[in-house]
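Only one structure is covered here, and it is reproduced in the block below.
The values are calculated or read from the model by the stated rules, or taken from the named source; none is laboratory data. It should be emphasised that the depicted structure is a prediction, and the values quoted were computed from it without experimental measurement. Neighbour counts run over all protein chains shown; Cβ positions are idealised from the backbone, glycine included.
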Amino acid sequence: MQIAGLIGNMLMLIVFSMKGFNKLSVAVYLRALAVCQLAENIKWLVFNLPNDINIDSDLTCKLVNYFSPLPAPLSAWFEVAAGLDRFLTIIYQ
């Protein structure tokens, strides 16, 4: 399922980076959403697949522990921002 998520989010990033979508303000939120979900998919793959990744340095350990929980709530807030942007666009257009 994570591979399908990687492919879908890469496609979403590519589509919303195309020329026609650059005029839309909501495209910024949806690109950021795709990046957050890509980070979440990559994090899941790194931590759940069998691998030999060792976090040796103290700085790396702190960075991983700080940034690991960020993508999930950020993606939810980007969805809220995209919805609010669409709402305000419809109301005040």
* Evaluate the following for Leu84: is it part of a helix (DSSP H, G or I), surrounded by 14 or more Cβ atoms within 10 Å (Cβ to Cβ) and at pLDDT 90 or above? => no
* If you go through the stretch 35-44 one residue at a time, do you hit one that is within 26 Å of Phe87 (Cβ to Cβ), in contact with a Pro (Cβ under 8 Å, 6 or more places away or on another chain), charged (D, E, K, R) and modelled with pLDDT under 90? -> yes
